[in-house]
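All remarks here apply to the structure that follows.
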Amino acid sequence: MRRYRYRTAALTGPWRETPEEATRDAVRAKQAEPDEKDPTAIRWIVPGRIEEVHGAGAGARVRARNSLGRS
């Protein structure tokens, strides 16, 4: 199972089912805003990323993703 959350130097969001949900969390937390030129992307107000975790528990692997889940 894959899970997603946003992470900035100041805040970390909760794990979500989709990268879009994690992105919405970042926007609601005022860590990012929609990109005016590309409606499928966000612009980070503070340095941040969407993280993706595969699996659960101590063996889970986390990797960073760019906005809206594109690697």
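Here, each number is a calculation from the coordinates, and none is a lab measurement. What you see is a predicted model, and the numbers here were worked out from it, not measured in a lab. Virtual Cβ from ideal backbone geometry, glycine too; neighbours counted across all protein chains shown.
Values for this structure:
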| read-out | value |
| --- | --- |
| Cα-Cα pairs of region 1-58 separated by more than 17 Å (percent) | 34 |
| Which of Thr40, Thr8 has the fewest Cβ neighbours within 10 Å, and the rest in rising order | Thr40, Thr8 |
| Point-charge dipole on Cβ atoms (K/R +1, D/E -1) for region 1-41, about Cα centre, debye to 20 | 280 |
| Cut-off under 5 Å, modelled amide H: who pairs with Tyr6 long-range | Gly13, Glu51 |
